[in-house]
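Only one structure is covered here, and it is reproduced in the block below.
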């Protein structure tokens, strides 16, 4: 803990994290937006097969826990176990984007390089998450791991959503790839961060891996995150609620405005939520925000065609509460990571989050097809609060971080 306090530079490190996640938000938003367009318009790829192809490519992003194990267990001598991987993966990612921008590759090159690119982004994200947990004192987990990371990712997504379509229409795909490359350079912000030394308590051990499968609080965390979650319902435009929004609003321009307002609210909510969570408690923040999010989702039953003002209000309030929800949740996950395998633990928790979101989407699909979207929304609002129960019983590891295993 003493090393954390001596080397913690909150303004400098939060600035570095902000740059990383701003760049990540833009790059992922832009890449997922224009890759289908590029495949269809530039390469003549069959449009009916593109959604399945994009899902396969995105799998490389979803599976991140192997990168957590790598960056926990295989340090590069003399250089650390996080920053070398971030730098190497980022250089390769930049080269791939340069190939896309300059060479205009065909599908036989574009597709495997896209899979590699998303896999490298996943590796960078896992290593950066591990670095965040390594160097951030527990009483700053809310603002840094939750607020700054999630908030500035939303900034990048917002910039990408507003800019990339216009760039493609006016200047073409080469310019779009080049701008994406510039944002990818932000990942070199890791050079501003001091990576802590690999002391004895930080070294992975067989006992540490065993605890992954035997420690009851780690299992309880995994269970809590694996339960049906609200994650897929946060964005009223891109998430599961997008189906409802199209029925209510219809106009593409209005949907874009609603999405922009929602992301702007997320930015405010994340930074404010992270700041407050570090003062009143990470778990308390989450336990307050989760039921409020359920209430907001339930309010969508009152949204009918023509109720534009209500939709804008809901999008704004949900964005702010999302910031509090994620700041509390991510801070809790950081608190639950022991110092010897923080990258592995955190990415296992992230994988559990994907499971929870998928379960909720299946529930939503069943209710939507078997009953109605009104019943579906009410059920989702209630079901999502279930994972508050195991969260209440969690005992954080953070007070022992970097002191004793």
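Every number in this text was worked out from the coordinates using simple rules, so none of it is lab data. Nothing here was measured: the structure is a model prediction, and the numbers come from that model. Because the Cβ atoms are built from the backbone with ideal geometry, glycine has one as well, and the counts that use them run over all protein chains shown.
What the table shows:
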| read-out | value |
| --- | --- |
| Relative contact order (percent, whole number), the range 203-396, Cα cutoff 8 Å, 6+ residue spacing | 38 |
| Of every Cα-Cα pair in the chain, the percent that sits beyond 31 Å | 38 |
| Shape category assigned to the range 1-74 from the gyration tensor of Cα positions, a/c cut at 1.5 | oblate |
| Sites residue 302 and residue 182, calculated FRET efficiency, Cβ-Cβ separation with R0 45 Å, nearest 0.05 | 0.55 |
| Cα shape, the range 1-194, gyration tensor, a/c 1.5 rule | prolate |
| Whether the range 203-396 is rounded, prolate or oblate, judged on the alpha carbon gyration tensor where a/c under 1.5 counts as rounded | prolate |
| Residue 370 versus residue 197: modelled label distance in nm, points set 7 Å from Cα along the beta carbon direction | 5.9 |
| Rounded Å value of the spacing that divides the Cα centres of the range 256-279 and the range 294-317 | 17 |
| Contour minus Cα-Cα distance for residue 109 and residue 91 (0.36 nm per residue) | 4.6 nm |
| Contact order normalised by residue count of the chain, Cα under 8 Å, 6+ apart, percent | 26 |
| Spatial separation of Cα centroids for the range 35-52 and the range 178-233, in angstrom | 34 |
| Modelled FRET efficiency - R0 35 Å, residue 207 with residue 116, Cβ distances, 0.05 increments | 0.50 |
| Pairwise FRET efficiency - residue 49 versus residue 139, Cβ, R0 = 35 Å, nearest 0.05 | 0.10 |
| Of 204, 305, 338, the one that fluctuates the most in a GNM where the chain has Cα springs shorter than 10 Å | 305 |
| Choice from 156, 80, 130 showing the highest fluctuation, given a GNM over the chain with Cα pairs closer than 10 Å | 80 |
